[in-house]
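No value in this document is a laboratory result; all are computed from the given coordinates. Bear in mind the structure is a predicted one, so any value in this text is a computation, not a measurement. Here the Cβ positions follow ideal geometry from the backbone for every residue, glycine too, while neighbour counts run over all protein chains shown.
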Amino acid sequence: MAAERERGGRERSREREERDSEFVDKLVHINRVAKVVKGGKRFGFAALVVIGDQKGRVGFGHGKAREVPEAIRKATDAAKRNLTRVALREGRTLHHDIAGRHGAGRVYLRAAPAGTGIIAGGPMRAVFETLGIQDVVAKSIGSSNPYNMVRATFNALKHQDSPRSVAARRNIKVSSLQARRVGGDAEAAAD
């Protein structure tokens, strides 16, 4: 009985390690905060971490602690709890251009042709690298606060739609949806 429980525990921990190893995490920002107390100042640390599997799943987390490693661990755990899936075109770029905002932070994300690379500022670049996007052009306008930029980027990615989901919503076939798009482009070129 005890041996079975021990084996089950080991299998669960091995499973958890495998699940953790599939994720890539990036530390975006560390903030040192001070609390003034009677004897002087007490320092604490806040960490912002982005985590993803480089195949379309990504999440971010925020953690606070008295020591940096503990803050990073808490932020990583929070990021794993709030993973979201994003539809990618050909596994390398976005399906369409989108804008996102959070507070005073606004971001614009544009799909890009193969070979473009990730053209984006710090916090957004971390999101795209962990997400698995290889070609994207992004611009941040307004707040340069890393927390707002990451949240605005996630807000934009949340509104990303794939042709498959649009076709399902409209109850039509994906091929007819894309044929219509290609046909529309051809008609506009002919005029």
Worksheet, complete the sentence: Between the residues L94, I172, L109, the Cα farthest towards the positive end of the dipole of region 65-191, that dipole coming from +1 and -1 charges on the beta-carbon of Lys, Arg, Asp and Glu, is from I172
Discussion item. Once R0 is set to 41 Å, what does the formula 1/(1 + (r/R0)^6) return for the Cβ-Cβ distance between R81 and V37, expressed as a FRET efficiency to the nearest 0.05?
Written reply: 0.80
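Go through K80/K139; K38/K64; K139/K173 and tell me which ones have a Cα-Cα distance over 29 Å in this structure. All intermediate terms of the calculation are to be shown ahead of the outcome.
Details: K80/K139 26 Å; K38/K64 22 Å; K139/K173 34 Å.
Violating the 29 Å limit, Cα to Cα: K139/K173.
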Item to complete: Work out from phi, with θ = phi - 60° and the Karplus expression 6.51 cos²θ - 1.76 cosθ + 1.60, the ³J(HN,Hα) of each residue of region 86-103, listed in order in whole Hz, and give x for Gly and Pro.
Response: 10, 6, 10, 8, 6, x, 9, 8, 7, 6, 7, 6, 8, 10, x, 8, 8, x
Worksheet, complete the sentence: Here FRET efficiency (C-beta to C-beta, E67 to I141, R₀ 41 Å, nearest 0.05) is 0.70
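Order 72-79, 158-165, 126-133 from most to least packed using the mean count of other Cβ atoms within 10 Å.
On the way: 72-79: 19.5, 158-165: 13.8, 126-133: 24.8.
Ranked from most to least packed, the peptides come out as 126-133, 72-79, 158-165.
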